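The structure appears right after this line, and notes come after that.
The values are calculated or read from the model by the stated rules, or taken from the named source; none is laboratory data. Because the structure is a prediction, the values reported are computed rather than measured. Please note: Cβ atoms are built from the backbone with ideal geometry, for glycine as well, and neighbour counts cover all protein chains shown. SASA here: full protein model, heavy atoms, side chains in, ligands and nucleic acids out. Shrake-Rupley method; radii C 1.70, N 1.55, O 1.52, S 1.80 Å.
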Amino acid sequence: LIFECPSYVRYYYKNIYKESDSTTHLNFFDIKKGFGSTLSFFQFSSSLFYSFITTIGAVPIFTSMKNNVLRRMQKVVRRTVLFDIILFSTISVIGYLTWPISTPSLIIERKKIVKSADIPMSIGRIALVLTIIMKLPSNYNSLRLTLFNIFWGTTTITKKKNIFVTLIVLVLCCTVSILYSEISGYIKLIGGICSAIVGFLIPSLLYTRTNKYAKWHWKNITTQGVFLAFTLIGFISAGRTIYEIITGH
């Protein structure tokens with residue numbers, strides 16, 4: 001995305017921009033469209049939440065640290081979050097700058113502007129697929145153990161239970177994918193509900209319950225206010241996505 005950004009900007013000024021046509025002009029300070037009927041701001045925010053929650057992958061690193069004291073753990077978390085903020089902010093700026101050239105909500109689906117193969121984007125798509133494939137086993141195992149605990153009150157894996165749970169998950173996944181095949185909708189829905197709860201709501205509640213400050217201390221109030229706002233943004237996006245699925249828009 002970084003590599004291709006300049007060529008997309010040049011393409012806009014060469015093929016789309018017309019000095020005599022004000023509809024082709026850009027106003028980067030006009031944010032009204034993001035809060036229109038499509039609620040683009042909220043939907044794109046939920047996609048960001050979905051990506052941001054991947055920072056939870058830093059947690060297993062703690063167990064392999066030689067001296068995994070709280071101070072060093074916090075240092076790892078700060079660096080991980082800072083890296084993600086820089087990375088996602090860069091992608092957001094690039095997506096914003098290339099928005100006039102039919103940039104979709106899922107930027108890897110962006111149409112190419114060259115007649116030949118889009119090598120950089122192809123590499124990015126392959127990398128994303130590999131990342132998802134590598135995350136599937138760990139995510140599914142957590143889901144499977146959770147279902148075992150719900151159905152049988154134990155996480156002990158047996159052949160019959162494993163087949164039963166696997167069949168249920170496969171049938172549900174196949175059914176949903178047939179009824180609704182828009183991948184960006186899944187990202188918005190998961191980001192708006194699951195990522196908002198796991199990444200913002202629960203951590204903020206844990207922080208206020210375990211720190212040394214009083215319940216109504218300004219740090220606790222500020223933390224709760226900020227993260228509740230993020231959670232609300234996610235829920236609004238999820239509601240809009242559910243509405244689009246039901247109405248077929």
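A few notes on this one:
- From T158, T80, residue being polar (S, T, N, Q) and under 21 Å from G199 (Cβ atoms): T80
- Filter result (among the polar types (S, T, N, Q) and loosely packed, with under 11 Cβ neighbours inside 10 Å) within segment 147-187: T156, T175, S181
- Inclusion of I236 among residues that are touching a residue at least 60 places away in the same chain (Cβ under 8 Å), loosely packed, with under 15 Cβ neighbours inside 10 Å and within 27 Å of T38 (Cα to Cα) is not warranted.
- Residue in segment 215-226 that is among the hydrophobic types (A, V, I, L, M, F, W, C) and buried (at least 17 other Cβ atoms within 10 Å of the Cβ) present: no
- Qualifying residue in segment 62-75 (condition: touching a Leu at 6+ places or on another chain (Cβ under 9 Å), modelled with pLDDT under 75 and either over 22 Å from Y8 (Cα atoms) or of a type in the set (V, I, T) (or both)): no
- Near pairs, Cβ below 7 angstrom, 6+ apart or cross-chain, from segment 38-49 (farther than 18 Å from I245 by Cβ) to any residue that is assigned to a helix (DSSP H, G or I) and open to solvent by 50 Å² or more (accessible area, probe 1.4 Å): F41/F35
- Restricting attention to segment 70-120, the residues being acidic (D, E), part of a helix (DSSP H, G or I) and surrounded by 15 or more Cβ atoms within 10 Å (Cβ to Cβ) number 1.
- Cβ-Cβ under 7 Å pairs, at least 6 apart or on other chains, segment 197-224 side touching a residue at least 24 places away in the same chain (Cβ under 8 Å) and part of a helix (DSSP H, G or I), far side among the aromatic types (F, W, Y) and open to solvent by less than 70 Å² (accessible area, probe 1.4 Å): G199/F49; G199/F52; F200/F227; L201/F227; S204/F227
- Any hit, segment 193-205, residues being farther than 28 Å from Y140 by Cβ and aliphatic (A, V, I, L, M): no
- Positions within segment 121-142 being aliphatic (A, V, I, L, M) and surrounded by 12 or more Cβ atoms within 10 Å (Cβ to Cβ), in sequence order: M121, L128
- If only residues of segment 18-37 that are modelled with pLDDT under 85 and of a type in the set (S, T, Y) are counted, the one that is least open to solvent (accessible area, probe 1.4 Å) is T24.
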